[in-house]
1. Among the residues of the stretch 822-838 satisfying the criterion of being touching a helix residue (DSSP H, G or I) at 6+ places or on another chain (Cβ under 7 Å) and open to solvent by 40 Å² or more (accessible area, probe 1.4 Å), which is modelled with the lowest pLDDT?
2. Here are the criteria: (1) of a type in the set (Gly, Ala, Ser); (2) touching a residue at least 12 places away in the same chain (Cβ under 8 Å); (3) more than 30 Å from ILE230 (Cα to Cα). Tell me which single one SER90 does not satisfy.
3. What number of residues in the stretch 84-106 are crowded, with 18+ Cβ neighbours inside 10 Å and more than 30 Å from the chain's Cα centre (by Cα)?
4. Does LEU469 satisfy the condition of being within 30 Å of THR492 (Cα to Cα) and either polar (S, T, N, Q) or without any contact (Cβ under 8 Å) to a residue 40 or more places away in the chain (or both)?
5. For the stretch 53-63, check the following and say yes or no: at least one residue is hydroxyl-bearing (Ser, Thr, Tyr) and in contact (Cβ under 8 Å) with a residue 24 or more places away in the chain.
6. Would you point out which residue out of SER67, SER63, SER145 is out of contact with any Lys or Arg (no Cβ under 8 Å at 6 or more places or on another chain) and under 30 Å from ARG245 (Cβ atoms)?
7. Looking at the stretch 471-483, which of the residues that are among the aliphatic types (A, V, I, L, M) and modelled with pLDDT under 90 is nearest to GLY280 (Cα to Cα)?
8. Looking at the stretch 423-435, which of its residues are assigned to a helix (DSSP H, G or I) and in contact with a helix residue (DSSP H, G or I) (Cβ under 8 Å, 6 or more places away or on another chain)?
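The values are calculated or read from the model by the stated rules, or taken from the named source; none is laboratory data. Keep in mind it's a predicted model, so treat the numbers as computed, not measured. Neighbour counts run over all protein chains shown; Cβ positions are idealised from the backbone, glycine included. Areas reflect the complete protein model, heavy atoms only, side chains present, ligands, DNA and RNA absent. Shrake-Rupley method; radii C 1.70, N 1.55, O 1.52, S 1.80 Å.
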Amino acid sequence: MKLPAATIAAAFVCGIVLGLHPAAVRHASSANLLLAFLILTALCILAGILLIKFDRVFLSAVSSLLSWGLLGFLGAVIAERPRPLDHISSLLERGSIELKAPLRWHGHLRDEPTRLPWGYGYEVELSGVEFEGTLRQVRGGLRLSFTPRPEESSPLQFHVGDEISVLTEARQPQVFKDEGAFDRRAYLAQENIDLVATLRAPELIERLGIAAPTASMRLAHARRRLRDEIDDLFGPGSQTAGVLRAMLLGDRSFVDRTDAADFQKTGVFHVLVVAGLHVGALAFALYWLGRRLRLSPVWTALLTLLLLSAYVAVVEQRPPVLRAAMMAAIVVLGRFFFRQLDLLNSAAVAALVLLVAKPLALRDSSFQLTFVAIGCIAGLAAPWLENRVQPYVRALRGWRDVTRDGAHEARAAQFRIDLRSLTRWISARLPQRIAPSVEDTLVGGLSLALRVGELLVVTLALQIGMLPLMARDFHRITLSGPLVNLAAVPLTGLIVPLGFLTLASGLLFPALGKLLAATLAWITMLLVHTVQWFADFSNESYRIPGPPVWVIVVFFVSVLLVVGAFRINHPMRRNLLRVSLLAWMASAVVLAIYPFAPQWAPGKLEVSVLDVGQGDSLFVVFPSGKTMLIDGGGAFGGFPGHELNIGIDPGEEAVSPYLWSRGFQKLDVVALTHAHQDHLGGLTAILENFRVGALWIGREVSSPTLAKLEEIARARRIPVEHELRGKYFAWKGVDGAVLWPEPAGEEAAVPAQNNDSLVIQLRYGNREMLLTGDAEEQAEKEILADNVADALHADVLKVGHHGSKNSTSPEFLAAVRPQVGIISAGEDNPYGHPNSELLAATLARFILQ
C-alpha cells in the first residue's frame, strides 16, 4: 500500500462523517450504543491481528480500516455530547441564569490585555457569577471590551492569570436568523468565547488575586511584548504595523476593512492569516540557516523544531498554525532520517493526529481548506511538476559538467547538451572576460523562470482545487489569484523571517532593529500596494451563491480520479486522465459561472423581513421576478478616527448570505429609506456583492456615509435615482407609489432624519402593502393630509421606526387599518423598541377587527 496513512485517515474521516449524522447525534447519550460500537471496534482490531497471522493481508487491511472508521464514529459521537451542566450555555438554555441585567462575573484572564483600535480587549475564563444573591459556579469564556476615557491613555493594569470580578451586562454573541447567515455565535464558541460584554467604567472591575507565574503566562507576556515592539518600530495604528501584526502574530484587529477586502478580492487573504505559508516560510528559513552555519543534521533539525515550537507557542496554538507546524515537523524529521516522504502521506498523518485529538475539527472550514490545499499541491501540482519541470530543474545543477549527463534521463541530458551548445555559441560572439558571467546570468534566468513556472502551477492548482470551498464558504471567485500569488508568496517568504529577525533585533539592539524595520516596512508596503493595484481591476473578482452539493461532489470525485491517474501505471491511464480532467474542468466552469436560476414563486408578490438586528431590511420579489431590496441594516459604523475597523456588518453577514442561499446574483433596485446607519450601513456590501440595476434614495441630505454609498454606486455604474412623493411605477401586475418624502427646498442639505424616510405603497390585485421606513408622526400627518383615508388602506403595514412611540399614530393606524403589522427591532435593544403602548394599541385594533 503506497499511501497507508492516507487510507487510514480516509477511513477515520468517513467514521466521523457518519458520527455527525443527525441520527447518530440524537442517540449520542445512549451508553448502550457507545458500548456496542466499542466492542465492535475491539473485535475488528482483533480480527485484523489474527488475519495477518494467517497471511490474509487484504482481509486484515479491510478489518483494520473498518476499526479506524468505527473509532472515528465513536470520536464524533462522544465529541457531540452536550456541554457540562454548569457551562454558561447550558445554564442559559435551561433558564437557570438570565442576562437581562448587569451581573458580577468571576474568573481569571486567559491572556494579556489586547490593544484594539477603540480600546482594549480582555478574555476571561469564567469560574462563577453572582445571580439572585448567590455565587454560582459556571464554566465558559467572556470577551470583555473597554474604551478608555480621553484622559485615560493606558489600559487597566491587569495581566494574564489575574483573578478578577467584573460587573457588566453580558450577552451571547449576536446571531442572525436568516437562511445562510454567518453564525458568529458558533464561530466564537470554537474560540471558547460564549459571552461578550462592554466594561462601562474601570471602577466596575477589580483584581481579586495574582496567580503564580507559569510557562503559558510567560508566553502571553512575550506575545504582548512582540505586539508592542511592532508598534514601537512602525508606529501604533499605522498601516504597516497593522499588516505586520496580522502576518507575524495573527492579530488582524488593526487591518483596515479596505485592505482586508483587497486581499480577499485578489485571492491572497491567506497572507494575513498565520497558517501554512507563514510556518513554511519560517521553517525553510531556519533550516537554511542551520545548513549555512554548517550545523550537523541533528542540530539543524533540533534548531528548526525548537524555534518553530517557540513560534507556535508565541502566536497561540490556533488550529491552522498547529496543522502547518505539524506538517513542517514531519518534513524536517523525514529529512533527518534521510526519508523522501510522500506529501500526501505526511498530510494524512497530521490530519489523523489532529482529528484524533478533536474530531469535530473536520467540519471547520479552515481545516477543510488546509488539507484540500495540501491535497492539491501533493496530488495535482507535484506529480505534474515532477514529470514536466523537475527534470529540467535538476539538469541545471552542474550544467557545465559533461560527466553528469548520464545521471539524468534522456530528455534532461539532451537539455544539458543543448544548453551548453547555446552558451558556447553566445560566448563565441562576446569578449572572453565577460562570457562566463553572461553564461551564468543566462542559466540563472532560466532557473528563475522554471521556479516561477513551478509557483504558477502550484497556485493554479490551489485556486482551481479550492474553488468549491471558496464558493461555498466565501461566495467569491477570484480570477487574478494565481498572478497575485506569484508576487505575494515570495514577498511573504521574505517578510516572515525578516519580521522576526527585526523584532528580535529591536528587543536586543534597538538601533539595528530600526535599521531592519525600514527595509521590512518597504517590503511590506510593496506587498500591500501590489495587492491594491490588482484589486482595482473590479472584473477580476466577483461574488456568487453557494454551489449545489452535487456539483461539489462531481468536482472532488473528478479531482480524486485525476490524482489516481497520475499515480497508476495502467494501459487505461491516459483515457482515465482525459475523462477525469474533462469532468474536473467542466465542474469548475459550472462553479465559476453559477448558471442556476434563483428560487422564487412566479405570479406571487413576496416580501421577506430579514433579521439584521436593530435595523431594517426587506426583500421584495415581484410576480415577474423583479427584485427590490429595501435597506440593508448596519447597526455599527466604526469608531471615531477608525471608521474602517467596522464590527458586525449585516449586509455581509446576513443579507448577502440570505440572497445567495436563494441563488440571487442580481437586484433590480436597492432602495434606501433614509440615511441612518441602521438602514444604510449594510448597503455597501450589497452594492459590492450583487449586480444592482438602480439605487433609489429619497431627498438628498448631509451625510458622509450616504455620499460614500453614492460614490460606490457611480463607480460601479449603478444609476442613483431620487424617488419623491408623487412618483409611480408599475412592474407587471404590481402598482407602486412613493407617498413620501416631499422634494427638498432650496436650503442646503440638512442632516438625515427619520422623517426623510421613503414611504412606498404596493398594490397587487386587491391586496395592498405599506412600507414606511422610520417615518414618524410628522411625516404621517403630511401623508394623511395628502391622501384620502381609503387610499392608505393596507393589508400589511411595516410599522414605522421599529415600533417607536413617535410613529404609527392612532390616526395613521385608523386610516391604514392593517391586518398584519411588521416590526423589525433588535433583541434587548437599548431604545425600548417596540414601544409597549404602541403594541397594546395595535393589538387592540387587530382584536376589534
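1. PRO834
2. Every listed condition holds for SER90 apart from (2).
3. 3
4. no
5. Of the residues in the stretch 53-63, the ones hydroxyl-bearing (Ser, Thr, Tyr) are 60, 63.
Adding the requirement that they be in contact (Cβ under 8 Å) with a residue 24 or more places away in the chain leaves none.
No - not one qualifying residue is present in the stretch 53-63.
6. Working: SER67 fails: under 30 Å from ARG245 (Cβ atoms); SER63 fails: under 30 Å from ARG245 (Cβ atoms).
Matching residue, one of SER67, SER63, SER145: SER145.
7. Taking the stretch 471-483 first, the residues among the aliphatic types (A, V, I, L, M) are 471, 477, 479, 483.
In the following step, the residues that additionally are modelled with pLDDT under 90 were identified as 479, 483.
Numbers: LEU479: 25, LEU483: 20 Å.
My answer is LEU483.
8. Pass one, the stretch 423-435, residues assigned to a helix (DSSP H, G or I): 423-427, 435.
Scanning the stretch 423-435 gives THR423, ILE426, SER427, ALA435.
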